[in-house]
Amino acid sequence: MDLGIEPIRRINNRGGDTPHLSLSFDSHLFSIDTTRSPKSCLQPDAYLITHAHSDHYGKSAMLSERAVASEQTARALEIRYQHQYRGRTFKVGESIMIGDVEVKTYPTGHTIGSSAFGWETEVGGRVLVTGDVKDYRSLPRCDLLVSEANYGDPWDPSCVFEDDIAGFSEALESGATFGAYAFGKAQRAVALMRGMGYKDEIGMDEQSLALTRELMQNAGPLTEIQGGGNNVVSPWNLYKAPGRNKYVLTGRRDSGFPTIRLSDHLDFRGLMRMMEHVNPSQVLVYHPQGERASLLSHHLQQCGMETASLEMIEKRLL
């Protein structure tokens, strides 16, 4: 099926690859979760930023007037990187016009303000770019899916999991300090604590506290790291945080502290359910770079789907 879309990777001035990719269609060029192009190079119509994690390169793209991100993502980028966001914003679920293209936005449940983007080409091809996904239920059907594969290895047992909510609840009751990334996981930890009935102050390190106070509704009383009660701190601050009961909230298995399985991504089974839900005719796996994307792409090909991964995209000096 010819959707009238060409994925492109730009070669940077040093001869290396620019992160992630751009999509060329009709007379438009949309860059997806990537760094800015130098002023001397061809500029895209928009830098679409799905969320504010560093491996999606909003730190660079936020400095362009062509940046497009949700209001919460833009504010999170400002807090995290201490620069003014210069692009356009939207409320997740709204549509935004980029030139003559209507781009619809959808929540993905990955972080506060994380958003997927969807639009149609002139020949009627429906494009959906997800970013990272925890909840796919709001995503629409599409013809081309541009998807993540953080846990996309069908042969790795660690890519199949359930969140350990019971373990988190048990640690909370005993008084614990949780290691969680300042944006995304920290806010989810606070939401779980409040949902489990914890009403006391929650101690947080500086950036986690600033992001949670600014972006999270109904966060309840928050304070700086405290000696008693429960704390949520960045994983690299866990070793100097008070208390004995320390856990890292993660889907990974390389921590020096005890872990509680709590991921902000779909596991492999969830990714497969998402594929079934959006029902694409073609899939492009763009994140993360490396083996996981290639392995998911290979698996989908074995399932009879037309797929490619980031490494297979043509590289150009634009």
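Assess whether Leu295 counts as being at negative phi, touching a Pro at 6+ places or on another chain (Cβ under 9 Å) and modelled with pLDDT of 95 or more. It would help to see each step written out before you state the result.
On the way: at negative phi: yes; touching a Pro at 6+ places or on another chain (Cβ under 9 Å): yes; modelled with pLDDT of 95 or more: yes.
For Leu295, the condition - at negative phi, touching a Pro at 6+ places or on another chain (Cβ under 9 Å) and modelled with pLDDT of 95 or more - is met.
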Glu78 passes all but one of the listed conditions (1) within 20 Å of Gln187 (Cβ to Cβ); (2) free of Cβ contacts under 8 Å to residues at least 60 places away in the same chain; (3) in contact with a Phe, Trp or Tyr (Cβ under 7 Å, 6 or more places away or on another chain); (4) surrounded by 17 or more Cβ atoms within 10 Å (Cβ to Cβ); the exception is number (4)
Among Gly118, Gly124, the single one that is in contact (Cβ under 8 Å) with a residue 24 or more places away in the chain and of a type in the set (Gly, Ala, Ser) is Gly118
If we scan the stretch 162-174, do we find a residue that is at pLDDT below 95, of a type in the set (Ser, Thr, Tyr), out of contact with any His (no Cβ under 6 Å at 6 or more places or on another chain) and assigned by TED's automatic domain parsing to the domain that holds Asn245?
yes
Of the residues in the stretch 53-103 that are more than 14 Å from the chain's Cα centre (by Cα) and among the acidic types (Asp, Glu), the one that is nearest to Gly125 (Cα to Cα) is Glu102
Expected single match for surrounded by fewer than 22 Cβ atoms within 10 Å (Cβ to Cβ) and assigned to a strand (DSSP E or B) among Lys104, Lys134 is Lys104
Taking the stretch 189-215 and the residues there that are farther than 21 Å from Thr250 by Cα and of a type in the set (D, E, K, R), the one that is surrounded by the most Cβ atoms within 10 Å (Cβ to Cβ) would be Glu201
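Look through the stretch 273-318, keep the residues that are among the charged types (D, E, K, R) and touching a residue at least 24 places away in the same chain (Cβ under 8 Å), and return whichever of them is surrounded by the most Cβ atoms within 10 Å (Cβ to Cβ). Explain how you work it out, then say what you get.
To start, the set of residues in the stretch 273-318 that are among the charged types (D, E, K, R) comprises 273, 276, 291-292, 306, 311, 314-316.
Next, from what is left, pick out any that are touching a residue at least 24 places away in the same chain (Cβ under 8 Å): 273, 291-292, 306, 314-316.
Details: Arg273: 14, Glu291: 14, Arg292: 20, Glu306: 13, Glu314: 8, Lys315: 14, Arg316: 13.
Within the stretch 273-318, the match that is surrounded by the most Cβ atoms within 10 Å (Cβ to Cβ) is Arg292.
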Checked the stretch 137-159 for anything modelled with pLDDT of 95 or more, surrounded by fewer than 16 Cβ atoms within 10 Å (Cβ to Cβ) and touching a Lys or Arg at 6+ places or on another chain (Cβ under 8 Å); matches are Pro140, Arg141
- Item | Gly227 among the small types (Gly, Ala, Ser), surrounded by fewer than 15 Cβ atoms within 10 Å (Cβ to Cβ), outside the structural domain of Ala116 (by TED's automatic domain parsing) and in contact (Cβ under 8 Å) with a residue 24 or more places away in the chain | no
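The values are calculated or read from the model by the stated rules, or taken from the named source; none is laboratory data. Predicted, not measured: the structure shown is a model, and the values here were computed from it. Because the Cβ atoms are built from the backbone with ideal geometry, glycine has one as well, and the counts that use them run over all protein chains shown.
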